[in-house]
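What follows is a single structure, written as structure tokens, with notes after it.
The values are calculated or read from the model by the stated rules, or taken from the named source; none is laboratory data. Quantities reported herein were computed from a predicted structural model and do not represent experimental measurements. Cβ sites come from the backbone with ideal geometry, for glycine too, and all protein chains shown count toward neighbours. Side chains included, ligands, DNA and RNA excluded: accessible areas come from the protein's heavy atoms. Shrake-Rupley method; radii C 1.70, N 1.55, O 1.52, S 1.80 Å.
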Amino acid sequence: MHLDKRYSNWRILLLSLVAFFLQLYFIPIIEISVWRPDLILLLVIYVGLYYGAIPGTLTGFIIGIFQDSVSPMMGISSLANCIIGFGAGQVKQFKLAFNARIVASLLLILGHGLIFYLVYQYKSEVTYGRLIYSRVFPNTVYTFILGLILSIFFRTSLEEK
Amino acid sequence: MIKFLNFIGGFRDALILAICLFLSFCLIIYSDHDPGNPFRYLVYNSVGLVSGYFFKIDSYFDLKDELTRLHRQNMDLAGKNMQLQDAFLENIRLRKLLEFKERSTFQLIAAEVTGFNPHQIFNGLILNEGLRRNIKKRDAVLTAEGLVGQIVQVDEYNSICQILLDRNSRISAQIQRNRELGVIAWDGGVNLKLLYVAKTIDVLTGDVVLTSGYSKIFPGNIKIGVVIDVSKETEGLFLDITVQPAVNFNRLEEVFIVKEVPGNAP
């Protein structure tokens, strides 16, 4: 049991590192205009949905800090990520079917965008409404599509959990 | 105490979330753009370290195009570099000539060597100055290094200079060290001979040979060359002296034509 838990921690750490660097260097390549999918968010949701609220919250918070440290604003990503990680952990309790988890993921991605840009608007001159339709919706769709593609590839391993 | 801990444990998820939220808010409020933040510094450095490898991998996609572009750029730059080197060397030569002209007491006319004389009769250079600049036959030609020869043919725009390495060339010369007189002539190869210097005269290798100034063509004290070999093993009364010309005739590009020799005008 302890070995499983330790293995899970290392797995989450490794995935976090991979997601972090892919987000930095691979995602900008597939960026469309200013819309880009959020691979780190997908990882946080995955951790929350499959490992629980605490791993989800902590992963979201820690990786969010790293994300913030290479962006102009500190604290915003960690805030939004830990809330979504927590939310995903709560969804886990309902023991949803695979497809239902996909739908829940869409809502969590949308929630992340809404929280992130809610805080972001205070540090920018753009209105929240404009940010929602110019950033939140496109990013949500793009991130969800990427999540779907990944879930197709990893469906077997995800359903086993 | 245990009950309290159990109670807290029941809200563990929410408690951790609350702590994370609190820390996030603290970060939002207090750490606006702090470039000196050691954590930021650490992450930036780590990211920078990894980014080098990622950029390399990224460049593999268009490596061939990049290589072709760099080859073209390299060729272009090599061409420009050659032009610049030419310009640089020309600049050095011209500066040298200009300095020589400024310190010279002669009236000098600069001319470019445009080719070698095609006639077999004498070894000569074609210069791009002629009658329009009042160039005349028997005007002396020299460079900053030393004597080149004399003008033997002239038309409106060009002239031909007979160089020292010509079988008809004879120039009155003297050894700088002991002022002994002789006549400079071509040795048939790439050097000159200093003729009519008696065996009793002390001539050493390294002695500088100058024009004597007794000619109406060549001004005095113009360097002709340096003695590189002296031999007494000859029949007759004179030494066999070989002189290396001061001027490299294969690399001549600009020369001066002497128009007026102070105190020795023709």
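The table that follows gives values for the structure above.
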| quantity | calculated |
| --- | --- |
| Strands (runs of 3 or more DSSP E) completely within segment B:69-183 that count 1 or more residues being within 30 Å of B:VAL203 (Cβ to Cβ) | B:124-127, B:140-142, B:147-154, B:159-163, B:171-175 |
| Test: residue in segment A:100-113 that is touching a His at 6+ places or on another chain (Cβ under 7 Å), assigned to a helix (DSSP H, G or I), of a type outside the set (S, T, N, Q) and closer than 16 Å to A:GLY48 by Cβ | no |
| Positions within segment A:16-62 being more than 11 Å from chain B (Cβ to nearest Cβ), open to solvent by 60 Å² or more (accessible area, probe 1.4 Å) and part of a helix (DSSP H, G or I), in sequence order | A:VAL18 |
| Segment A:63-86, residues that are open to solvent by 20 Å² or more (accessible area, probe 1.4 Å) and more than 9 Å from every other protein chain (Cβ to nearest Cβ) | A:GLN67, A:SER71 |
| Answer residue from segment B:181-190, given it is surrounded by fewer than 20 Cβ atoms within 10 Å (Cβ to Cβ) and modelled with pLDDT of 90 or more and is farthest from B:ALA246 (Cα to Cα) among those | B:LEU181 |
| Per-region count, segment B:198-239, residues within 15 Å of B:GLY146 (Cβ to Cβ) and not in a loop (DSSP other than H, G, I, E, B) | 10 |
